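Take a look at the structure set out below.
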Amino acid sequence: MADAPITQDVLTIPRKQPADSSGGGKSNLVGLTRPAMRDALIAIGTPEKQAKMRVGQIWQWIYQWGKRDFADMTNLAKAYRAQLAKHFVIEVPEVVSKQVSTDGTRKWLVRIAGGHEVEVVYIPETDRGTLCVSSQVGCTLTCSFCHTGTQKLVRNLTAAEIIGQVMMARDDLNEWPIPGEPKDETRLLSNIVLMGMGEPLYNFDNVRDAMKIAMDEEGISLSRRRITLSTSGVVPEIAKTSEEIGCQLAVSFHGTTDEIRDKLVPINKRWNIETLLEALRAYPRGRNSERITFEYVMLDGVNDTDEDARRLIKLIDGIPAKINLIPFNEWPGAPYKRSSNNRIRAFADIIYNAGYASPIRKPRGEDIMAACGQLKSATERARKSRKQIEAEVGALRD
Ligand code: SAH
Ligand code: SF4
């Protein structure tokens, strides 16, 4: 594959455009909101009076039953099915490769329009199965401990590409229910976390539209409590997240002074700890059990002292919170080391004794580099290694 241009700008595919040209100019129905799908159906001649009902029917076939072929939509007239097939496709990102960890974690590399690639991770646990979804190719932010943040190439994913990751995973897990048969309520894919590649709040509209589809009762039908959006702290979008999406919120906190957080999560220079906490205090919650998750990556000798733990507790005072301690997932060339298990436990104890839940995230899928902050597309890795090779060859010549 030819090298893609390196740019720090976010390339956004216009939202109304077909997700992929492979459909022969046909537009993709996946990712459209209900009103947008209604407009699309009317535009191909569906009578306005019927359009809402048709959206409901097609929506169910796509998102409830996982159908990709209009011919399977048996409650629609044959001629109408043919008309739909003439104008539309039902398309999800193409799987390029799949790896399965010894602990059952699955990681897919999927290809999206323009030949870009993103990673999607599925983490099975005893009581749930969580899909870690990407919102951008790479990330414009440059958190110093995050592998994705070192990727130069960035573009926003479309709503189709975001919800398409969920549909692709359900394909691979083989868990689309069969029409007419009782639904199996024990879901393999029961939770979504927007914790893959990218900053979801820098791609707000597409993330919102995709998560609305995930929550839609006639669709994928996941409760808003089972969807968690993680942000590095894009303050102006935090209130909007609650108003327009209504999902659970996680915040990449990672530092207890502006000095250290500026270094770890550079967006802190724009919206500092105090501003961020103000926005979080205002984040409404449906019930007391809905707490904000503070993610805190444990970096050896950087942010992991007892004093840090105590400062953290003071800072979040009054916010219904749980603190998720993430042992740093190392990647080749990373400038940090993971804190020792003893250090992490001591930190967790201080937080727990102050009355907060402080789960330590169990590293999953480490053997396939599927853990948080390790995701980076294969194209980028290939390009980097070619560059490295060139540099090495250059050094030999000198
Ligand atoms: N951009 C969003 C969501 C994606 S990152 C955000 O930053 O919140 C998901 C989580 O993984 C974030 O908490 C992020 O800080 C954390 N993370 C990134 N790199 C990591 C690494 N190498 N080890 C552990 N956690 C990491
Ligand atoms: Fe982007 Fe999140 Fe990584 Fe920071 S931690 S670089 S915001 S993906």
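The values are calculated or read from the model by the stated rules, or taken from the named source; none is laboratory data. Quantities reported herein were computed from a predicted structural model and do not represent experimental measurements. Neighbour counts run over all protein chains shown; Cβ positions are idealised from the backbone, glycine included. Protein only, heavy atoms only, side chains kept; ligands, DNA and RNA dropped before computing areas. Shrake-Rupley method; radii C 1.70, N 1.55, O 1.52, S 1.80 Å.
One table, with the values for the structure above:
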{"read-out": "Tally of residues being within 20 Å of the chain's Cα centre (by Cα), among the hydroxyl-bearing types (S, T, Y) and modelled with pLDDT of 95 or more across segment 242-267", "value": "1"}
{"read-out": "Answer residue from segment 150-190, given it is polar (S, T, N, Q) and buried (at least 20 other Cβ atoms within 10 Å of the Cβ) and is farthest from Q64 (Cα to Cα) among those", "value": "Q151"}
{"read-out": "Residue list for segment 246-272, restricted to those being of a type in the set (A, V, I, L, M, F, W, C) and open to solvent by 10 Å² or more (accessible area, probe 1.4 Å)", "value": "I260, I267, W271"}
{"read-out": "Subset of segment 213-264 (residues that are closer than 30 Å to D306 by Cα and either touching a His at 6+ places or on another chain (Cβ under 6 Å) or assigned to a loop (DSSP other than H, G, I, E, B) (or both))", "value": "S232, G233, V234, F253, H254, G255, T256, T257, L264"}
{"read-out": "Any hit, segment 167-175, residues being closer than 17 Å to T33 by Cβ, more than 13 Å from ligand 2 (Cβ to nearest atom) and in contact (Cβ under 8 Å) with a residue 12 or more places away in the chain", "value": "yes"}
{"read-out": "Total residues in segment 295-307, condition open to solvent by 10 Å² or more (accessible area, probe 1.4 Å) and among the acidic types (D, E)", "value": "3"}
{"read-out": "Qualifying positions in segment 196-221 - under 25 Å from K152 (Cα atoms), among the hydrophobic types (A, V, I, L, M, F, W, C) and at pLDDT below 95", "value": "M197"}
{"read-out": "Segment 191-222, subset within 20 Å of A279 (Cβ to Cβ) and without any contact (Cβ under 8 Å) to a residue 60 or more places away in the chain, residue surrounded by the most Cβ atoms within 10 Å (Cβ to Cβ)", "value": "M211"}
{"read-out": "Cβ-Cβ under 9 Å pairs, at least 6 apart or on other chains, segment 60-79 side at positive phi, far side in a helix (DSSP H, G or I) and open to solvent by 60 Å² or more (accessible area, probe 1.4 Å)", "value": "G66/D171"}
{"read-out": "Selection count, segment 16-51, where residues are aliphatic (A, V, I, L, M), under 17 Å from P93 (Cβ atoms) and modelled with pLDDT of 85 or more", "value": "3"}
{"read-out": "Residue within segment 280-300 that is assigned to a helix (DSSP H, G or I), assigned by TED's automatic domain parsing to the domain that holds P363 and more than 23 Å from the chain's Cα centre (by Cα) present", "value": "yes"}
{"read-out": "Hits in segment 149-196 - residues which are hydroxyl-bearing (S, T, Y) and assigned to a helix (DSSP H, G or I)", "value": "T150"}
{"read-out": "Matching entry among I313, I326, I344, I292 (being more than 24 Å from C146 (Cα to Cα), open to solvent by less than 80 Å² (accessible area, probe 1.4 Å) and not small (G, A, S))", "value": "I313"}
{"read-out": "Output for segment 115-145, where each listed residue is in a strand (DSSP E or B) and either among the basic types (K, R) or in contact with a His (Cβ under 6 Å, 6 or more places away or on another chain) (or both)", "value": "V137"}
{"read-out": "Residue match in segment 319-333 (condition: within 21 Å of N272 (Cα to Cα) and assigned to a loop (DSSP other than H, G, I, E, B))", "value": "yes"}
{"read-out": "Condition met for E91 (part of a loop (DSSP other than H, G, I, E, B), free of Cβ contacts under 8 Å to residues at least 40 places away in the same chain and surrounded by 15 or more Cβ atoms within 10 Å (Cβ to Cβ))", "value": "no"}
{"read-out": "Selection within segment 113-124 - open to solvent by less than 10 Å² (accessible area, probe 1.4 Å) and either outside the structural domain of I213 (by TED's automatic domain parsing) or of a type in the set (A, V, I, L, M) (or both)", "value": "V118, V120, V121"}
{"read-out": "One residue from D171, D209 being assigned by TED's automatic domain parsing to the domain that holds P266 and more than 16 Å from the chain's Cα centre (by Cα)", "value": "D171"}
{"read-out": "Pick from segment 332-375, criterion away from ligand 2 (no atom under 16 Å from the Cβ) and on the phi > 0 side of the Ramachandran plot, ranking: modelled with the highest pLDDT", "value": "G355"}
{"read-out": "Residue, farthest from ligand 1 (Cβ to nearest atom), within segment 125-149, restricted to residues that are open to solvent by 20 Å² or more (accessible area, probe 1.4 Å) and of a type in the set (S, T, Y)", "value": "T126"}
